[in-house]
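As structure tokens, the structure follows; a few thoughts come after it.
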Amino acid sequence: MRSNWYSSAIVASSLLFVAISAADDNQITSEMTVKVRIADGESLVPFTTQFGATAVAESGPVAVPAGASKITLVRAESPILRYHLIAKTFLPYESLAQNEFIQSVKAAGYDPQIIVQGREFRTESNSVVDNRMFLVSIARCASQADAERMKKSLEQQQHWCYIVSEVVKPGAGTIKIDGAGTFDLPVALIADHPVELVRVNTGYWKENRNNQKYTGTIDLEIGPDGKLMVIETVSLESYLLGVLPAEMPHEWPLEALKAQAIAARSEVLANVAGKHALDGYDFCGTEHCRAYLGSANGKPRTDRALDETRGGFLVRDGRIVTTVFSATCGGWTENNDSVWSGRAQPALRGIADAPLAASLTSPREMGVWKWLDAKSNAYCKGDSEYFRWRRSFTQTELTAIVNKSLGVGRVQSIEMGKRGVSGRLESVKVVGASATRSIQKELNIRRTFGGLPSALFVVSNSKNKSGETVFTFIGAGRGHGVGLCQNGARGMADAGIAADEIVTHYFVGAAIERYK
């Protein structure tokens, strides 16, 4: 049974389903909209309109003059949140296991609720793709601190949970719009032409410092921090116009851009109404979801790639594929469950990034040392900076880097642990003078050693002229290596391979579906 110290923090609720999916309207069309949080934590939002706009509030519509203006936060009341402890997730076809788990949770004295994330869609061919995920919330807490304490208590009992926040009462406030007046929130800013905001977006390839232009409806709300939150409601295809140039350089071959366009559309559809749905929007405009430059900030070549693939997305086993990507796989992609926690996804299996992939021997089977030295005909070998790389650190330098997170004292040795099929490390042990620590998962490994390009590496030791040990990391690739290899797609396009074949190469067993 639950201990009394946290029972008072649980918010009572009779809600059985916190439904996020739109079951009554599951036909995918080009007019489908998404909600994107394009700014938050703001007290002042400068903006520009060429021909003016309309501010729509409960008090009615008011004209906003053309030109440069600003939105100023006058008063704010933060939204009320609650925090779900999610104990397990289930797919739609796992209803029997889900019901059994719910009964076991009830028997243990908890009050389970189901949160439905994701959506079910009907395609142009009239088939159904179901990307819903059913999250079992075993308790709701009134604060983040209470949720963290309960999570820690459950972990001590070998029960693992993660925390999801939900807005149960929207924030309130008052804003002033220059030239238009003062309004109680929420307020929508509507224009027949782009609204321009000064934003800074960090894309996968470069940071974009420019005025972002948005064609959708701009909604102004109060975020959890008591500051202004700006959300754009925009059509899916318009949203993608601002996503694609942030994901791949627009100068790249058209077929590579088209492959990235199909992957981008798939990834958006797979995750709409997902991790941010309880916050009141679908996606954020940063790399936490995906970089977004604004719906009117497309480039001619990426716009063309989206137009020529319009409506195309990837499906396997009745679900839209979560089409993740990395810059350069180094010659072999990785299984998703080797890189991140969670269930294995059939479309995200590691494969050779080369012709005749099925007949090649993986780095793990060949041995990573031998594989890194072998001659390669990988599609991504054109990335001269990251296809193969080296990083060297003296023992003193590496000790300073490693001890920022581990606290092992002077580094003595690095022991390689389990590897995924691509050779990427899943665990590493650092032996220091005062302690030995293990590092788990690909991103943690890269960060521990100062931000290595990838976790596909070996380590050699040598002595410098001063007699100090030098650790040399010899590696391949840039990024996690799961799914689409962007430089590989570029290499395939340069070899004359079409976009459809490129994406189905990287996402195993996937097929292209379309919407109208």
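In the list 177, 102, 114, 138, which residue meets the criterion of being under 30 Å from residue 228 (Cβ atoms), in contact with a strand residue (DSSP E or B) (Cβ under 7 Å, 6 or more places away or on another chain) and of a type in the set (A, V, I, L, M)?
Values: 102 fails: under 30 Å from residue 228 (Cβ atoms); 114 fails: under 30 Å from residue 228 (Cβ atoms); 138 fails: under 30 Å from residue 228 (Cβ atoms).
When all the criteria are applied, what remains is 177.
Please pick out the residue among 293, 314 that is among the aliphatic types (A, V, I, L, M) and either assigned to a helix (DSSP H, G or I) or at pLDDT 95 or above (or both). Reasoning before the result, please.
Values: 293 fails: either assigned to a helix (DSSP H, G or I) or at pLDDT 95 or above (or both).
The unique qualifying residue is 314.
Looking at (1) in contact (Cβ under 8 Å) with a residue 24 or more places away in the chain; (2) over 23 Å from residue 452 (Cα atoms), which is the only condition residue 344 fails?
Just one mismatch for residue 344, condition (1).
Consider residue 424 carefully, then state whether it is in contact with a helix residue (DSSP H, G or I) (Cβ under 7 Å, 6 or more places away or on another chain), of a type in the set (D, E, K, R) and open to solvent by less than 30 Å² (accessible area, probe 1.4 Å). Let's see the steps before the verdict.
Numbers: in contact with a helix residue (DSSP H, G or I) (Cβ under 7 Å, 6 or more places away or on another chain): yes; of a type in the set (D, E, K, R): yes; open to solvent by less than 30 Å² (accessible area, probe 1.4 Å): yes.
Answer is yes for this residue.
Against the definition (of a type in the set (Gly, Ala, Ser), touching a residue at least 24 places away in the same chain (Cβ under 8 Å) and open to solvent by less than 10 Å² (accessible area, probe 1.4 Å)), how does residue 455 come out, yes or no? Before the answer, list the steps.
Details: of a type in the set (Gly, Ala, Ser): yes; touching a residue at least 24 places away in the same chain (Cβ under 8 Å): yes; open to solvent by less than 10 Å² (accessible area, probe 1.4 Å): yes.
Criteria met by residue 455.
For residue 126, work out the one condition from (1) among the polar types (S, T, N, Q); (2) closer than 22 Å to residue 275 by Cα; (3) open to solvent by 40 Å² or more (accessible area, probe 1.4 Å) it doesn't fulfil.
(2)
Give 258, 206 a once-over and let me know the one that is at pLDDT 95 or above and among the basic types (Lys, Arg). Full working, then the answer.
Numbers: 206 fails: at pLDDT 95 or above.
Every option except 258 fails the conditions.
Restricting the search to segment 461-514, which residues are assigned to a loop (DSSP other than H, G, I, E, B), open to solvent by 10 Å² or more (accessible area, probe 1.4 Å), in contact with a strand residue (DSSP E or B) (Cβ under 9 Å, 6 or more places away or on another chain) and farther than 30 Å from residue 394 by Cβ? Reasoning before the result, please.
To start, the set of residues in segment 461-514 that are assigned to a loop (DSSP other than H, G, I, E, B) comprises 464-468, 476-477, 479-481, 483, 495-498, 507-510.
Those left that are additionally open to solvent by 10 Å² or more (accessible area, probe 1.4 Å): 464-468, 480, 495-498, 508-510.
Narrowing further to those that are in contact with a strand residue (DSSP E or B) (Cβ under 9 Å, 6 or more places away or on another chain): 464, 466, 468, 480, 508-510.
Of everything in segment 461-514, those that are assigned to a loop (DSSP other than H, G, I, E, B), open to solvent by 10 Å² or more (accessible area, probe 1.4 Å), in contact with a strand residue (DSSP E or B) (Cβ under 9 Å, 6 or more places away or on another chain) and farther than 30 Å from residue 394 by Cβ turn out to be 508, 509, 510.
Scanning for something over 30 Å from residue 121 (Cα atoms) and over 25 Å from the mean Cα position of the chain (by Cα), does segment 441-459 turn up at least one residue? Explain how you work it out, then say what you get.
Here is the first cut: in segment 441-459, the ones over 30 Å from residue 121 (Cα atoms) are 441-459.
With over 25 Å from the mean Cα position of the chain (by Cα) added as a condition, the list becomes 458-459.
Yes, segment 441-459 has at least one match.
Does segment 136-156 contain any residue that is touching a helix residue (DSSP H, G or I) at 6+ places or on another chain (Cβ under 6 Å), in a strand (DSSP E or B) and over 30 Å from residue 51 (Cα atoms)?
Looking through segment 136-156, at least one residue is touching a helix residue (DSSP H, G or I) at 6+ places or on another chain (Cβ under 6 Å), in a strand (DSSP E or B) and over 30 Å from residue 51 (Cα atoms).
Take the residues in segment 68-82 that are part of a strand (DSSP E or B) and hydroxyl-bearing (Ser, Thr, Tyr), then tell me which one is least open to solvent (accessible area, probe 1.4 Å). First the steps, then the outcome.
Start the filter on segment 68-82 by keeping residues that are part of a strand (DSSP E or B), which leaves 68-77, 80-82.
Pick out the ones that are also hydroxyl-bearing (Ser, Thr, Tyr) and you get 69, 72.
Values: 69: 16, 72: 44 Å².
It comes out as 69.
Do the conditions hold for residue 268, that is, is it more than 18 Å from the chain's Cα centre (by Cα), crowded, with 20+ Cβ neighbours inside 10 Å and modelled with pLDDT of 90 or more? Steps first, answer last, please.
On the way: more than 18 Å from the chain's Cα centre (by Cα): no; crowded, with 20+ Cβ neighbours inside 10 Å: yes; modelled with pLDDT of 90 or more: yes.
Spelling it out, it is not the case that residue 268 is more than 18 Å from the chain's Cα centre (by Cα), crowded, with 20+ Cβ neighbours inside 10 Å and modelled with pLDDT of 90 or more.
For segment 244-255, what are the residues that are modelled with pLDDT under 95 and either within 19 Å of residue 118 (Cβ to Cβ) or of a type in the set (D, E, K, R) (or both)?
247
Evaluate the following for residue 273: is it within 19 Å of residue 492 (Cα to Cα) and either open to solvent by 10 Å² or more (accessible area, probe 1.4 Å) or not aromatic (Phe, Trp, Tyr) (or both)?
On the way: within 19 Å of residue 492 (Cα to Cα): no; either open to solvent by 10 Å² or more (accessible area, probe 1.4 Å) or not aromatic (Phe, Trp, Tyr) (or both): yes.
For residue 273, the condition - within 19 Å of residue 492 (Cα to Cα) and either open to solvent by 10 Å² or more (accessible area, probe 1.4 Å) or not aromatic (Phe, Trp, Tyr) (or both) - is not met.
Specify which of the listed residues (341, 384, 376, 413) is of a type in the set (Ser, Thr, Tyr), assigned to a loop (DSSP other than H, G, I, E, B) and within 30 Å of residue 434 (Cβ to Cβ). Walk me through how you get there before you give the answer.
Numbers: 384 fails: within 30 Å of residue 434 (Cβ to Cβ); 376 fails: within 30 Å of residue 434 (Cβ to Cβ); 413 fails: assigned to a loop (DSSP other than H, G, I, E, B).
Of the residues listed, the single one that is of a type in the set (Ser, Thr, Tyr), assigned to a loop (DSSP other than H, G, I, E, B) and within 30 Å of residue 434 (Cβ to Cβ) is 341.
Do any strands (runs of 3 or more DSSP E) lying entirely in segment 11-67 carry at least 1 residues that are modelled with pLDDT under 90 and open to solvent by 30 Å² or more (accessible area, probe 1.4 Å), and which ones are they?
On the way: elements: 17-19, 33-42, 44-49, 53-57, 60-64.
Counting at least 1 such residues, we get 17-19.
Within segment 97-112, does at least one residue satisfy the condition of being surrounded by 16 or more Cβ atoms within 10 Å (Cβ to Cβ) and in a strand (DSSP E or B)? Give the steps one after another, and end with the answer.
At the first step, the residues of segment 97-112 found to be surrounded by 16 or more Cβ atoms within 10 Å (Cβ to Cβ) are 98, 101-102, 105, 110, 112.
Next, only the ones that are in a strand (DSSP E or B) stay: none.
Within segment 97-112, none of the residues are surrounded by 16 or more Cβ atoms within 10 Å (Cβ to Cβ) and in a strand (DSSP E or B).
The values are calculated or read from the model by the stated rules, or taken from the named source; none is laboratory data. Quick caveat, the model's predicted, so the values are computed rather than measured. Using ideal geometry, Cβ is built from the backbone for each residue, glycine included, and neighbour counts are taken over all protein chains shown. Surface areas here come from the heavy atoms of the whole protein model, side chains and all, with no ligands, DNA or RNA. Shrake-Rupley method; radii C 1.70, N 1.55, O 1.52, S 1.80 Å.
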